[in-house]
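Notes follow the structure.
The values are calculated or read from the model by the stated rules, or taken from the named source; none is laboratory data. Nothing here was measured: the structure is a model prediction, and the numbers come from that model. With ideal geometry, Cβ positions are generated from the backbone for all residues, glycine too; neighbour counts draw on all protein chains shown.
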Amino acid sequence: MNTIAPAVEAAPLAHRSTVMARVMDLAQRVARSDANVLLVGESGTGKGMLARFLHDASPRRGGPFVTIACANIPAELLESELFGHEKGAFTGALERRTGRFEQADGGTILIDGVNELAPALQGKLLRVVQERTFERLAGTRTVRVDVRILASTQADLEPLVESGAFRKDLFYRLNVIRVDLPPLRKRLEDVPVLADRLLRDIALRRGGEPGRLSPGALDRLMRHHWPGNARELMNVLESAVILSEEPVIPADAIRIGAAGEPGRAGGGTERHETLAQVEERHVREILRLTGGNRTRAARILGISRKTLIEKRKRYGIP
Ligand SMILES: Nc1ncnc2c1ncn2[C@@H]1O[C@H](COP(=O)(O)OP(=O)(O)OP(=O)(O)O)[C@@H](O)[C@H]1O
Ligand SMILES: [Mg+2]
């Protein structure tokens, strides 16, 4: 293990609620150990961020932190992404390539969306979890790595274990310590501090001073139920900053939900649009608002750049 620890400050998740204080307290203690951790929570609750915290607050902080998102990678590519491959392992494998496990050697790996893992890969993952060894695709040599393993899931794994979709032995190995990230609607008292933090993050990316919320804007945020959790809040704030261009964000720059909200063309024909039409209009609007900056547009839309490119192609957006 790499023991040289550079000065990375582990950034705790912004919070004020007692539930989140308990989560951070647990995380702080767990970080020091090398135990496998299973992070459970709805989309956007901060699992990725907490995984990063666990790494940065651990003795492995000087080593790499590597994430692999199981849901975003087609099943047939995932195995070689995880374990790498030898030259000639499959058509197009012109060179040997190391996988994420090797890249994470000496550090931490986050298996993001582990509930999506196909049964065949669950078996291979179990072996790495137990022995820290594997072979590259078409490889004969056994590779050994020193990696701390974190896994995250939006769905409880127990029902998947019950139904046979997820291996019980793998579940027990990953679930040594379980950390639950509560949804934002169950800790609305976190919204003001979280919004402040996110506005600072937005200012760091965009430059300039962080926006501040008017009482009316905050009131709107406190009334929402946040199905998309902190990520949704980030997106709402980013659009608010773009829309208002003022230091204090007015209530009407907070656009939550679709038609019917003030400031939106509500009712009329819009109610009968298809989902695809709504999506196309929204993608176009965000691209317009960001001046065609695809990285920012993708971030605001909460999708990858690749997905944005696909959507532009589908809708013929230049
Ligand atoms: N408490 C928090 N303080 C500061 N930022 C946060 C907090 N919680 C979440 N965020 C930010 O919100 C966004 C979503 O968080 P994150 O990506 O960690 O969610 P997730 O649970 O991994 O979601 P998914 O299941 O969709 O992958 C990120 O930009 C993250 O930095
Ligand atoms: Mg994530």
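Scanning segment 238-256 for residues that are aliphatic (A, V, I, L, M) and out of contact with any strand residue (DSSP E or B) (no Cβ under 8 Å at 6 or more places or on another chain) yields I242, L243, A251, A253, I254, I256.
Looking across segment 54-76 at every residue that is closer than 24 Å to L170 by Cβ, in contact (Cβ under 8 Å) with a residue 40 or more places away in the chain and among the hydrophobic types (A, V, I, L, M, F, W, C), the one that is farthest from ligand 1 (Cβ to nearest atom) is identified as A75. The lone criterion from (1) more than 19 Å from M234 (Cβ to Cβ); (2) more than 16 Å from ligand 2 (Cβ to nearest atom) left unmet by S17 is number (1). Among the aromatic types (F, W, Y) and out of contact with any Pro (no Cβ under 7 Å at 6 or more places or on another chain): is that true of F83 in this structure? Yes; evaluated as a whole, the condition is true for this residue. The condition (being among the small types (G, A, S) and within 19 Å of the chain's Cα centre (by Cα)) is satisfied by just one residue among A203, A240, A195, A217: A195.
Conditions tested, residue by residue: (1) buried (at least 16 other Cβ atoms within 10 Å of the Cβ); (2) in the same structural domain as G113 (by TED's automatic domain parsing); (3) at pLDDT 95 or above.
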| residue | (1), (2), (3) |
| --- | --- |
| A5 | no, no, no |
| A11 | no, no, no |
| D25 | no, yes, yes |
| L50 | yes, yes, yes |
| L54 | yes, yes, yes |
| F65 | yes, yes, yes |
| N72 | no, yes, no |
| L77 | no, yes, no |
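Using the structure shown, decide if T108 is buried (at least 16 other Cβ atoms within 10 Å of the Cβ), assigned by TED's automatic domain parsing to the domain that holds L174, polar (S, T, N, Q) and touching a helix residue (DSSP H, G or I) at 6+ places or on another chain (Cβ under 6 Å). Considered against the rule, which asks whether it is buried (at least 16 other Cβ atoms within 10 Å of the Cβ), assigned by TED's automatic domain parsing to the domain that holds L174, polar (S, T, N, Q) and touching a helix residue (DSSP H, G or I) at 6+ places or on another chain (Cβ under 6 Å), T108 comes out as yes. The conditions of being within 14 Å of ligand 1 (Cβ to nearest atom) and under 21 Å from G123 (Cα atoms) are met by A151. The residues in segment 39-53 that are within 6 Å of ligand 1 (Cβ to nearest atom) and either among the small types (G, A, S) or in contact with a Cys (Cβ under 6 Å, 6 or more places away or on another chain) (or both) can be counted, and the count is 5.
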